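This report concerns only the one structure given below.
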Amino acid sequence: MDQGQDMRTGETAARGAGDFGNIIGGIRHCTRCVLPETVPGISFDEQCVCQYCRERESGNPDQGLDRERDKSRRDHWRKEFLAMARGRVRGRDMGHDVLLAYSGGKDSTYTVHLLSQVFGLRVLALSVDNGFMSPGAMDNMRRVLDRLGVDHMLVRPSPPLMRALFRRSLERELYPARALLRASSVCTSCISVVKALVLKTAMDMHIPFVAYGWSPGQSQRDRCIIQHNRQLMRSTMGKTRDILVSAAGPGMAAYFPDLESLPAEPPREVHPLAFVEYDEGRIKELIGHFGWQQPVDTDPNSTNCLLNALGNREHLRRYGFHPYALEIAGIVRAGNMTREEGLRKLQDTKGEAMADMVREMLYADAAQSARTGTDA
Ligand SMILES: [Zn+2]
């Protein structure tokens, strides 16, 4: 890089300063994406650009070429998945092809459409009500699945048990730091229960694929079809089960498959949003035709869970960065959201009142059992 180039980059960085400049709330932020210096492992160069943005820029100087490459990668994985689905599904004259973890949020709603209407697969949507599902998300699920004619299974684990799990998640360090880069401890606990129930159900019903509506920022593009190894699965799920059991009690084990008798080839895990171009605006417009409406009762980062705001706030307080920062940075870097929009999402405080309300709900039965002398 010559000196002239260097100075121009420096100027751009300086011009960007202001409401959404590099210093926000006394914390340095990358001038290209939204990452703050509080994210573990991050480093900035002299232009205050993070290493992830720098890597992307130096690896792919041509944005057009980059788009092409992304598109051909998406096409590749889509074809791969469809060929695999045909191979695994052929000959089965009953049952479902894929079990989708369905939260009622925009991403998983769009994934229902992709799997059932675009790919023509027989979908079973499985929703886990953690006790804090927004009423708006529930309504959306009913409307959308009715419209698309997709089977739905709703599982509601014991609410007091789930509340105990969420309280422990707020109070204790249940997970290693690297597990908390992209999700709060509360979210990680909830997702662990969902993943266990999804696998257990798919195995019980002999469904060959399980799918998640992770956005491209949440999953790695080249890990969008995963064949889990039985031994590895036994050990990782065993560890997770032990964490949840030690946090909330033995009842948690009921949500896990029998790890001693896993099938030789467990269901494959797919992330279908990695097969298509991700555009939040267009996704919302499309699923609007299926009756999906933006819920008004959640915080701006979640369209399905009331607990999210509390989990995010506690994470931000404890670790100094928003659990969605890496995901949003990825979307900004890919050019699907402006830096300003991304920063606005991360700085939004509309979830404050909800976080307070949810905290009260979580601790209501702890207070009650203290009065009655039972163990919460
Ligand atoms: Zn960056």
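FYI, it's all coordinate maths here, none of it is from the lab. Computed from a predicted model, the values in this text were never measured in an experiment. Using ideal geometry, Cβ is built from the backbone for each residue, glycine included, and neighbour counts are taken over all protein chains shown.
Observations on the structure shown:
- Under 23 Å of direct C-alpha separation, and excluding same-chain neighbours fewer than eight residues apart, Lys79 reaches these lysines: Lys71.
- Dividing the mean sequence gap of close Cα pairs (under 8 Å, 6+ apart) by how many residues the chain holds gives a relative contact order of 21 percent.
- For the range 63-288, taking Cα atoms only, Rg and Dmax work out to 17.7, 53 Å respectively.
- Antiparallel bridge percentage (DSSP; both residues within the chain; nearest 5): 30 percent
- Computed magnitude of the charge dipole of the chain (debye, nearest 20; Cβ of K, R +1, Cβ of D, E -1): 740 debye
- Extension gain, Arg282 to Glu57, is 78.3 nm, computed as 0.36 nm per intervening residue step minus the present C-alpha separation.
- Eligible lysines near Lys200 by straight Cα distance, threshold 25 Å, same-chain separation 8 or greater: Lys106, Lys239
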